[in-house]
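The values are calculated or read from the model by the stated rules, or taken from the named source; none is laboratory data. All values derive from a computational prediction rather than experimental measurement. Because the Cβ atoms are built from the backbone with ideal geometry, glycine has one as well, and the counts that use them run over all protein chains shown.
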Amino acid sequence: MAEKKKLLCDSYSKCVRASEFLSAIGNPIRVAIVCYLTTGEKTVKEIVEKLKMKEPTVSLNLYRLYRAGWVTRRKVGRSVYYKLKSEKYKKILEEVSELYVSQDHKISV
């Protein structure tokens, strides 16, 4: 007897949580932050310098990623360090890159 495949979202509440999780990177600034964090843990200052954006903008977007569960944070003195919560999140971005960015996929609305 063949094993029944498990649904990705087997309940509406799981679909809601998945949507909230994915919507957290539905912003180019947050995508850029997550992409940069795939190279390892960074301070807010490092992220600000890399993205060439103002600290309040970066901090607000880091907070959104933190609340959605994409990143963890730790404070050492006055510095706050962020890193991806899971290496699996890097794979999500790699898949998106493969499907849409690398192939110059056009999304029509």
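Output the number of residues of the range 25-52 satisfying the condition of being over 13 Å from Tyr89 (Cβ atoms), touching a residue at least 24 places away in the same chain (Cβ under 8 Å), buried (at least 16 other Cβ atoms within 10 Å of the Cβ) and not basic (Lys, Arg). Adding up the residues that qualify gives 3. Tell me, yes or no, whether the range 92-107 has at least one residue that is closer than 24 Å to Val44 by Cβ and modelled with pLDDT of 90 or more. No, the conditions are met nowhere in the range 92-107. Suppose the filter is of a type in the set (A, V, I, L, M, F, W, C), more than 27 Å from Ala18 (Cβ to Cβ) and loosely packed, with under 14 Cβ neighbours inside 10 Å; does Val76 pass it? Yes; evaluated as a whole, the condition is true for this residue.
Would you say Ile29 is modelled with pLDDT of 85 or more, of a type in the set (A, V, I, L, M) and not in a helix (DSSP H, G or I)? Criteria not met by Ile29.
Across the range 1-24, the qualifying residues are those that are loosely packed, with under 13 Cβ neighbours inside 10 Å and basic (Lys, Arg), and the one among them that is modelled with the highest pLDDT is Lys14. Quickly run through the range 54-73 and pick out the residues that are surrounded by fewer than 16 Cβ atoms within 10 Å (Cβ to Cβ) and in a loop (DSSP other than H, G, I, E, B). Correct list: Lys54, Gly69.
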